[in-house]
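Here is the structure we will look at.
Every read-out reported here was derived from the displayed coordinates using simple, explicitly stated rules and does not represent laboratory data. The shown structure was predicted, so the numbers you read here are calculated from the model rather than taken from an experiment. Cβ atoms come from the backbone with ideal geometry, glycine included; neighbour counts cover every protein chain shown.
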Amino acid sequence: MNAEPSTTRPYRGQSQEQRRAERRSRLIAAAIAVYGERGYQQATVKAVCEAAGLTERYFYESFANSEALLIDSYNAVAYSVLGEILRAGESAGRDNAVRSRAMLTAYFAALQREPQSARVFLVEIRGVSRAVDLAFDASLRTIGREVARLVAPHAADDELLQAGVIGGVIHIALRWIDSGYQPPIGTAVDTALRLGTVLATPPRAGRRAA
């Protein structure tokens with residue numbers, strides 16, 4: 001049986017796969033905006049589709065349900081912010097203190113610059129379901145591992161320490177946002193840097209002995 005020509009024919013220079021990927025990206029961008037404004041629990045598939053300028057038919061083309069969209073929206077935000085953090089660190093030279101400050105400044109600046117994304121990244125992801133919790137945990141593990149790679153290679157295998165420091169910085173960021181982005185970003189970075197120093201400081205000899 002011959003395939004339907006309409007499923008493979010390019011449209012406006014785009015293949016079917018390219019059009020589907022473009023629709024999926026529009027839905028993710030719309031979800032970040034809607035979740036950031038209303039909150040995930042108050043958002044509907046219809047509202048996201050309307051914001052994306054698409055029908056619900058196209059939602060189910062890419063996502064099994066709203067939780068799947070939340071996970072992908074969260075990952076889009078989390079790994080975009082992580083990319084900014086890593087680029088800032090890699091551009092800051094080899095001094096750990098300078099590199100750590102640059103990475104934290106990039107992090108707090110991203111949260112302040114895009115408050116809707118920050119809400120998805122810090123608030124809306126929590127407590128929805130086990131699948132969403134697992135996605136959140138996986139991203140924090142990746143963030144901890146990548147940050148340690150740049151500023152604390154000695155802690156590359158210490159996931160507990162990474163979790164403690166990254167979690168602590170996130171809580172500082174939450175309090176900072178709840179306070180209306182006060183104190184000024186430089187002060188928030190200084191506070192987070194004091195915590196980050198724990199990760200960057202190598203353990204003393206014998207400290208980790210069994």
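Values computed for the structure shown
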read-out	value
Label point distance in nm, Thr142-Arg94, each placed 7 Å from Cα along Cα→Cβ	2.9 nm
Helix-derived mean residue ellipticity, 222 nm - over the chain, DSSP H n ≥ 4, -39500 (n - 2.57), to 500	-22500 deg cm²/dmol
Estimated dipole of the chain in Debye, rounded to 20 [Cβ of Lys and Arg +1, of Asp and Glu -1, Cα centre]	300 debye
Unit charges on C-beta of K, R, D, E only; dipole of segment 68-185, Debye	220 debye
For the chain, with +1 on Lys and Arg beta carbons and -1 on Asp and Glu, the positive-most of Ala21, Asn96, Tyr58 along the dipole	Asn96
Cα long-axis angle, helix 130-151 against the chain (0 to 90 degrees, to the nearest 10)	50 degrees
Cα gyration tensor shape for segment 88-163, rounded if a/c is under 1.5, else prolate or oblate	oblate
Summed side-chain charge close to Gly196 - residues other than Gly196 whose Cβ falls under 12 Å, Lys, Arg +1, Asp, Glu -1	+2
Local electrostatic count at Arg130 - Lys and Arg +1, Asp and Glu -1, tallied over other residues with Cβ under 12 Å	-3
Shape category assigned to segment 7-97 from the gyration tensor of Cα positions, a/c cut at 1.5	oblate
Gyration tensor (alpha-carbon) shape descriptor, the chain, a/c threshold 1.5	prolate
Candidates Arg141, Arg19, Arg87: whichever shows maximal mean-square fluctuation once the chain is modelled as a Gaussian network with Cα springs under 10 Å	Arg19
